[in-house]
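Working notes, structure below.
The values are calculated or read from the model by the stated rules, or taken from the named source; none is laboratory data. Predicted, not measured: the structure shown is a model, and the values here were computed from it. Here Cβ is always computed from backbone atoms with ideal geometry, including for glycine, and neighbour counts include all displayed protein chains.
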Amino acid sequence: MTRIPHTTSGEPNPLHALTLDRLRRRTSMKWRTYPDDVLPMWVAEMDVPLAEPVVHALTEALALGDTGYPAGTGYAEALAGFAAKRWGWDGLAVERTAIVPDVMLGVVEMLKLVTGPGDPVVVNSPVYPPFYQFVEHMDRQVVEAPLGADLRIDLDTLDESFRRATTGGRRAAFLLCSPHNPTGTVHTADELAAVAALADHHGVRVVADEIHAPLTAADADFVPYLTVPGGESGLSLMSASKAWNLAGLKAALAIAGPASAADLARLPEEVGHGPSHLGIIAHSAALSDGTAWLDALLAGLDDNRRLLADLLAEHLPAITYRPGDATYLAWLDCRALGLGDDPADVFLRRGRVALTSGIPFGTGGAGHVRLNLATSPELITEGVRRMAAALD
Ligand SMILES: Cc1ncc(COP(=O)(O)O)c(C=O)c1O
């Protein structure tokens, strides 16, 4: 796939826009889970104002009282336009999409289409903890295929886990996280084609959670799973929620490849009643008109990754941080600090900074923390100061 350059947008960096006082007025999970003396750098919410096109679309809808049920394919059309411009993907067919309430409920619905109760679902640990929670809650079994030491998919391990998962002729699925949360790894076209070949060989169905795709850095290439050879039978979930901070405005899209269209067609009609009409309006506006804002955000995230690496080298050199090419999450290996399996607990109690514990990310998570970089340079500096103070 040819690289499409991101434009230099001329928009201000949205990560510089908000003060801590203003952020503390928010009532969302990031800001209300811990007391006010704790700096929250955990759950995947961003410290940014909304992109202007999103504000405009929502304000207009509110002024009109346009708060009924969703209709039409506007969200899918907006995503198809974004995918064509951003990733050179012209094959996102609107007729092979369905609206779903959010990405995780979409994952659940896609897994229901291709597996049955008790069937295995393979994941690349360490991975986004709800992959375990939702899969187990829907009565499927998680099978881990840990990432390699380089934080990339280990194809031999994946092969072996597919073999185990399909023993006795069971139906199995692979829940791919692309780009990967928490490492920020952007899988290459070759890696994804190899995944598709393994899945085909073992008869494993691939469900790709691609929610972080728009958050791929300008100098890296996101490759949609459905575009790789063999990816036609995959199912993907996409959303504007992570890249434009719209988690409170629920809406996502399930997308089928040409060879999985019949599966998606079996999605019960009532699933489409879950997303919010205002969510769809917001996500569509972000994808259609929010690219300049996104480019400014991505430039700011590049700066923040460099800042974090410099601060850690100076104040906490025992932590290993390998910056990823996507997401706004930093995966920090704290094992050399000697703080045990749950360093996040030590940083919270002694440093008053809330990071996400690595333990619920599965095998490979112990001794790690995940830090949310989608904030101002000042708060990143303060967060690292608090982490270092926890060790005094
Ligand atoms: C990989 C991944 N999938 C899904 C989600 C949640 O998406 P949604 O709120 O649309 O379910 C997140 C949120 O951080 C995520 O990182």
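For Arg26, the criteria (1) at pLDDT 95 or above; (2) away from the ligand (no atom under 16 Å from the Cβ); (3) more than 26 Å from Val369 (Cα to Cα) hold in every case but one, which is (3). Being within 16 Å of the ligand (Cβ to nearest atom) and outside any helix (DSSP H, G or I): is that true of Met46 here? Criteria met by Met46.
Filtered by the rule that a residue be within 16 Å of the ligand (Cβ to nearest atom), more than 19 Å from Glu232 (Cβ to Cβ) and assigned to a strand (DSSP E or B), segment 96-132 gives Ile99, Val100, Val121, Val122, Val123. Considering segment 253-289, and only residues there that are assigned to a loop (DSSP other than H, G, I, E, B) and touching a strand residue (DSSP E or B) at 6+ places or on another chain (Cβ under 9 Å), the residue that is surrounded by the fewest Cβ atoms within 10 Å (Cβ to Cβ) turns out to be Gly274. From the list Leu64, Leu113, Leu92, the one residue that fits, being aliphatic (A, V, I, L, M) and within 26 Å of Thr216 (Cβ to Cβ), is Leu92. Summed over segment 216-233, residues that are within 16 Å of the ligand (Cβ to nearest atom) and touching a helix residue (DSSP H, G or I) at 6+ places or on another chain (Cβ under 7 Å) total 3.
Conditions (1) farther than 28 Å from Arg86 by Cα; (2) among the acidic types (Asp, Glu); (3) outside the structural domain of Ala252 (by TED's automatic domain parsing), marked per residue:
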{"residue": "Arg266", "(1), (2), (3)": "yes, no, no"}
{"residue": "Glu269", "(1), (2), (3)": "yes, yes, no"}
{"residue": "Leu278", "(1), (2), (3)": "no, no, no"}
{"residue": "Leu307", "(1), (2), (3)": "no, no, yes"}
{"residue": "Thr320", "(1), (2), (3)": "yes, no, yes"}
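Of all residues in segment 223-247, those that are assigned to a loop (DSSP other than H, G, I, E, B) have Cβ atoms under 6 Å from Cβ atoms of residues that are within 14 Å of the ligand (Cβ to nearest atom) and aromatic (Phe, Trp, Tyr), 6 or more apart or on another chain, in Gly234/Tyr225. Here Leu311 qualifies as surrounded by 18 or more Cβ atoms within 10 Å (Cβ to Cβ) and more than 18 Å from Asp150 (Cβ to Cβ). The residues listed here are Ala93, Ala78; of these, the one that is small (Gly, Ala, Ser) and either within 16 Å of the ligand (Cβ to nearest atom) or under 20 Å from the mean Cα position of the chain (by Cα) (or both) is Ala78.
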